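This report concerns only the one structure given below.
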Amino acid sequence: MEESILCSKCSTPLGAEDVFCPNCGYPEKADQSKRDKYKYRIKIKQDVVDDAKKKLKSVKVVLYIIIASNVLFGLSYLSEEATFVDGISSLVAALIFVGCLVWVNKKPLVGILAAFALWILLQLSVVLVDPALLFQGLFVKIIFIVIFIKGISSAKDYQEYSTQLKEMNAN
């Protein structure tokens, strides 16, 4: 009677012919060099995930800036009757961006895409009201766009490599 061997990474039963775990891919019955390569692949993926997390922080900072500016403008607009609706609109936008920020923490790619789309729509709505405002704060707008685009790329990497690490049971 043959004794069942379990993968030391994920405890999946291995067949007599299995060199690699059919569940996580760990080279249970392979030589040390293959085990080292497996560990190295995990380390590379973990480094990409860690780097992506750092880049996602810059998107969160941009969202905090957007939220704070909307709250400040909203509160200042509320003080005058002529701009009261603008004040309410800014505060509502701030709340939506808070929702996007929470979303970025849970589902980075979807949250960043939603925040970026909303920010672009707000920029376009302002330009429709007064086209001269397109160039006001252009440098900051360009920086925000670059940060959002890098954030989208980082969120994709984070999602892809986090999934791969989970599949590899890289605990």
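Throughout, read-outs are computed from the coordinates displayed, never taken from laboratory work. Predicted model, so just to flag it, every value in this text is computed and none were measured. Quick reminder, even Gly has a Cβ in these numbers, built from the backbone with ideal geometry, and neighbours come from all protein chains shown.
State all residues of segment 1-57 that are among the aromatic types (Phe, Trp, Tyr), in a helix (DSSP H, G or I) and surrounded by 12 or more Cβ atoms within 10 Å (Cβ to Cβ); if no residue qualifies, say none.
Listed by number, the list holds a single entry, 38.
Can you list residue pairs whose Cβ atoms sit under 6 Å apart, with the first residue in segment 4-23 being farther than 16 Å from residue 35 by Cβ and the second being loosely packed, with under 12 Cβ neighbours inside 10 Å? Count only pairs 6 or more apart in sequence or on different chains.
Note: pairs meeting the criteria are 13/4.
Would you pick out the residues in segment 58-92 that are over 23 Å from the mean Cα position of the chain (by Cα), among the charged types (D, E, K, R) and surrounded by 13 or more Cβ atoms within 10 Å (Cβ to Cβ)?
86
Is it the case that residue 132 is over 30 Å from residue 24 (Cα atoms), hydrophobic (A, V, I, L, M, F, W, C) and buried (at least 16 other Cβ atoms within 10 Å of the Cβ)?
no
If I filter segment 60-118 down to residues being assigned to a helix (DSSP H, G or I) and of a type in the set (Asp, Glu), which single residue comes out as farthest from residue 157 (Cα to Cα)?
Only one residue fits best here, namely 81.
Kindly indicate whether any position in segment 154-171 is of a type in the set (Gly, Ala, Ser) and without any contact (Cβ under 8 Å) to a residue 24 or more places away in the chain.
no
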